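Shown next, in structure tokens, is the structure this report addresses.
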Amino acid sequence: MNEEMTIQSLVKVILKRWLLILMLTILSIGVALLISYFIQTPIYEAETQILVNQKSYENQQLVGAQNVDTDLRLINTYNVIIKSPVILAKVIEVLVLDTTPEELMRQIEVSSADNSQVVNIRVQDENSERAVKIANTIAEIFKEEIPVLMHVDNINILFVAQNSEHPVPVKPNKLLNLIIAAITGFSLAMVLAYFLETIDRTIKTEQDIEVLSLPVIGVVSNIEMPTRKKSRNRGSS
């Protein structure tokens, strides 16, 4: 019974305060539209892939199998080296970027699947073309520096990031922002409407008086006044 009354009261609040709820929901969606389309800066992403694979030679099949196992163990180390100042400082120098290795590091995501020799390098930037250049330059410099740093030559560039004629930003997610804004606005409007309903202490029905344990002395009902028929003849002319 309590649950039924709660649902009934909730429906009653919605029907009574529907205009307030609608206005606050629309306002929340409008704010999200303003922020997503005019305030937030679009962020673009570029991705390149490198393959960690030892160079194989003839009559070295057993050695090649051992090299694969070695490459897999080295991938975690490579993921750290890619985002290290040793690599990023040279990327900044080559591309003449107005940033620091620490700031550039926050734009880069390096990942690899389990037991995979492929390393993904993702770069996010406000400029789509710059994101592509940074991703490709990181891969190239990393390939050049690994033989010096690790004394191994097992890096090949598998996929090069490409510029797009119509790049699509990965941030902000405008549709997701609108959905979140609509849900948030509706929820806050419901809370406000329910709060306004609970602080309203005016007595409107007999049930409101019974809750106060007061006797009902009488009820004033609506009285419909009969329409008077106008006399056709109001007097002799």
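The values are calculated or read from the model by the stated rules, or taken from the named source; none is laboratory data. Remember, it's a predicted structure, so these values are computed and weren't measured experimentally. Every residue, glycine as well, gets a Cβ built from its backbone with ideal geometry; the counts of neighbours run over all protein chains shown. With ligands, DNA and RNA removed, areas are computed over all heavy atoms of the protein, side chains included. Shrake-Rupley method; radii C 1.70, N 1.55, O 1.52, S 1.80 Å.
When the residues of segment 102-126 are narrowed to those that are touching a residue at least 60 places away in the same chain (Cβ under 8 Å) and among the aliphatic types (A, V, I, L, M), which ends up most open to solvent (accessible area, probe 1.4 Å)?
Of everything passing the filter in segment 102-126, V118 is most open to solvent (accessible area, probe 1.4 Å).
Residue by residue through segment 1-16, note down the ones that are open to solvent by 100 Å² or more (accessible area, probe 1.4 Å) and modelled with pLDDT of 50 or more.
K12, L15
When you scan segment 53-63, do you find a residue that is surrounded by fewer than 13 Cβ atoms within 10 Å (Cβ to Cβ), of a type in the set (K, R), modelled with pLDDT of 85 or more and out of contact with any helix residue (DSSP H, G or I) (no Cβ under 6 Å at 6 or more places or on another chain), even just one?
no
Which condition does F186 not pass, out of (1) under 30 Å from K12 (Cβ atoms); (2) among the hydrophobic types (A, V, I, L, M, F, W, C); (3) at pLDDT 90 or above; (4) exposed (fewer than 15 other Cβ atoms within 10 Å of the Cβ), if it passes all the others?
(4)
Only one of E129, E165 is out of contact with any strand residue (DSSP E or B) (no Cβ under 7 Å at 6 or more places or on another chain), at pLDDT 95 or above and surrounded by fewer than 16 Cβ atoms within 10 Å (Cβ to Cβ). Can you tell me which?
Result: E129 is the single residue among E129, E165 that is out of contact with any strand residue (DSSP E or B) (no Cβ under 7 Å at 6 or more places or on another chain), at pLDDT 95 or above and surrounded by fewer than 16 Cβ atoms within 10 Å (Cβ to Cβ).
Among the listed residues S111, S116, which satisfies the condition of being modelled with pLDDT under 95 and in contact with a strand residue (DSSP E or B) (Cβ under 8 Å, 6 or more places away or on another chain)?
Criteria check complete, one pass: S111.
Kindly provide the set of residues from segment 136-160 that are open to solvent by less than 80 Å² (accessible area, probe 1.4 Å) and farther than 11 Å from I50 by Cα, ordered by number.
T137, I141, E145, I146, P147, L149, M150, V152, D153
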